[in-house]
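**Q** Once you've had a glance at the structure underneath, I'll fire off some questions.
The values are calculated or read from the model by the stated rules, or taken from the named source; none is laboratory data. Everything numeric here is computed off the predicted structure, so don't read it as measured data. Note that we place each Cβ from the backbone using ideal geometry, even for glycine, and neighbour counts take in every protein chain shown.
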Amino acid sequence: MSDSSAVTLAARRWRGLLMREIRENRSLMLYAPCLLVLVAVLLGLRLFTLFSVERQTAAMDLLFNRFEGINALEIAPLLTSAGALNLVFIVGIALSYLATSLYSDRRELSYLFWQSMPISDRATVMSKVVTSVLVIPAIYLAILTLGSIILFISAAVYSFFLGIELNGLVELVSTLSIALGFIGLSAVTAMLWLLPAVGWILLFSAYATRVPLLWAIGGLVALSLFEQVVLSSNTLEAWMASRSSPWQYLVFSLDDLGARLFTYDMLFGAVLGGILISGAILMRRFAD
């Protein structure tokens with residue numbers, strides 16, 4: 001087999017693995033983000049209708065005309081700050097998916113089918129890691145972008161009927177696009193920083209007989225209490241707290257991205273996450 005054929009085969013195999021994860025978890029990966037974004041859009045529209053027509057006109061004029069001539073890169077971080085709530089949703093969806101990913105394979109005995117395929121346990125587990133770190137943020141960002149487009153078009157059409165000139169339309173679109181890009185980078189950064197959590201939850205998902213997420217949380221609490229009682233320290237608790245705030249993962253520029261990814265703390269977390277993910281691969285083999 002030539003190198004190009006091997007690469008093509010590997011790409012198709014990975015595409016199949018990732019598509020499988022999306023199909024089997026579409027309620028969590030597709031429907032839940034759609035519902036969240038839809039509720040946010042409808043809530044925003046509902047709050048807007050509570051204002052008088054005069055205030056609505058002033059708000060639309062401020063939105064479209066005060067952006068004229070601005071530097072999108074300077075304003076985009078203000079919109080990106082609102083992405084902290086989106087990070088909470090993305091991380092929550094990803095961790096919920098991880099908790100049931102390997103557990104569902106064993107509960108439904110679907111791993112017996114995958115054992116008959118030329119797909120290793122490593123590829124199966126890593127496909128779930130890639131799904132949580134890259135695919136889920138990408139899907140959520142695509143849905144968020146679609147919701148933003150719908151909201152933006154609705155606001156532009158309504159402003160047109162109010163007789164408002166859309167002078168800052170290009171600048172506003174640029175600002176919104178950059179902010180959405182920063183939110184996407186923030187989501188991937190957050191999941192990379194949380195690789196230890198990814199590996200920890202996968203470890204219990206690969207071996208727990210019931211409610212793996214509860215076992216993962218309980219195991220973490222037990223370790224923290226053991227350290228406090230036996231060692232009289234709270235290093236683990238402090239380390240977990242240092243990675244629990246969504247604000248620390250927000251990216252406002254490419255410099256921010258580099259500062260968050262290329263650090264010793266990030267490297268340590270990646271190594272620890274890799275060890276835990278390797279443990280999940282071994283656990284899955286024992287479970288098989």
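**Q** Within segment 154-202, can you find the residues that are out of contact with any helix residue (DSSP H, G or I) (no Cβ under 7 Å at 6 or more places or on another chain) and either more than 26 Å from residue 75 (Cα to Cα) or at pLDDT 85 or above (or both)?
**A** 161, 177, 181
**Q** If you don't mind, there's one more thing I want to ask. Among the residues of segment 193-246, how many are assigned to a helix (DSSP H, G or I), without any contact (Cβ under 8 Å) to a residue 12 or more places away in the chain, among the hydrophobic types (A, V, I, L, M, F, W, C) and under 17 Å from residue 100 (Cα atoms)? If you could, list the steps in order and put the result at the bottom.
**A** From segment 193-246, those assigned to a helix (DSSP H, G or I) are 193, 195-205, 212-231, 235-241, 246; that's our starting set.
Checking which are without any contact (Cβ under 8 Å) to a residue 12 or more places away in the chain leaves us with 214-215, 217-218, 221-222, 225-231, 235, 238-239, 241.
So of that shortlist, the ones also among the hydrophobic types (A, V, I, L, M, F, W, C) come out as 214-215, 217, 221-222, 225-226, 229-231, 238-239, 241.
Narrowing further to those that are under 17 Å from residue 100 (Cα atoms): 214-215, 217.
The number of residues fulfilling the criteria is 3.
**Q** So residue 251 ticks every box in (1) in contact with a helix residue (DSSP H, G or I) (Cβ under 7 Å, 6 or more places away or on another chain); (2) more than 17 Å from residue 132 (Cβ to Cβ); (3) among the β-branched types (Val, Ile, Thr); (4) assigned to a helix (DSSP H, G or I) but one. Which box is left unticked?
**A** For residue 251, the failing item is (4).
**Q** For residue 150, indicate whether it is aliphatic (A, V, I, L, M) and buried (at least 17 other Cβ atoms within 10 Å of the Cβ). Steps first, answer last, please.
**A** Values: aliphatic (A, V, I, L, M): yes; buried (at least 17 other Cβ atoms within 10 Å of the Cβ): no.
Here the answer is no, as residue 150 does not meet what is asked.
**Q** So residue 273 passes all but one of these: (1) more than 24 Å from residue 78 (Cα to Cα); (2) in contact (Cβ under 8 Å) with a residue 40 or more places away in the chain; (3) outside any helix (DSSP H, G or I). Which condition number does it fail?
**A** Tallying (1) more than 24 Å from residue 78 (Cα to Cα); (2) in contact (Cβ under 8 Å) with a residue 40 or more places away in the chain; (3) outside any helix (DSSP H, G or I), residue 273 fails exactly one: (3).
**Q** Please verify whether segment 127-136 includes one or more residues that are closer than 26 Å to residue 36 by Cα, assigned to a helix (DSSP H, G or I), under 22 Å from the mean Cα position of the chain (by Cα) and without any contact (Cβ under 8 Å) to a residue 60 or more places away in the chain. Walk me through it before giving the result.
**A** As a first pass, look at segment 127-136 and keep what is closer than 26 Å to residue 36 by Cα: 127-136.
Next, from what is left, pick out any that are assigned to a helix (DSSP H, G or I): 127-136.
Then drop every residue that is not under 22 Å from the mean Cα position of the chain (by Cα), which leaves 127-136.
Those left that are additionally without any contact (Cβ under 8 Å) to a residue 60 or more places away in the chain: 134.
Among the residues of segment 127-136, at least one is closer than 26 Å to residue 36 by Cα, assigned to a helix (DSSP H, G or I), under 22 Å from the mean Cα position of the chain (by Cα) and without any contact (Cβ under 8 Å) to a residue 60 or more places away in the chain, which makes the answer yes.
**Q** Specify which of the listed residues (141, 79) is modelled with pLDDT under 85 and in a helix (DSSP H, G or I). Don't jump to the end; show me each part of the working.
**A** On the way: 141 fails: modelled with pLDDT under 85.
Just a single option satisfies the conditions, and that option is 79.
**Q** Something else now. Could you list, in sequence order, all residues of segment 203-250 that are of a type in the set (Val, Ile, Thr) and either modelled with pLDDT of 85 or more or exposed (fewer than 13 other Cβ atoms within 10 Å of the Cβ) (or both)? Spell out how you get there, then give the answer.
**A** Initial filter on segment 203-250 (of a type in the set (Val, Ile, Thr)): 209, 211, 217, 221, 229-230, 235.
Once the filter is applied, which keeps residues that are of a type in the set (Val, Ile, Thr) and either modelled with pLDDT of 85 or more or exposed (fewer than 13 other Cβ atoms within 10 Å of the Cβ) (or both), segment 203-250 yields 209, 217, 221, 229, 230, 235.
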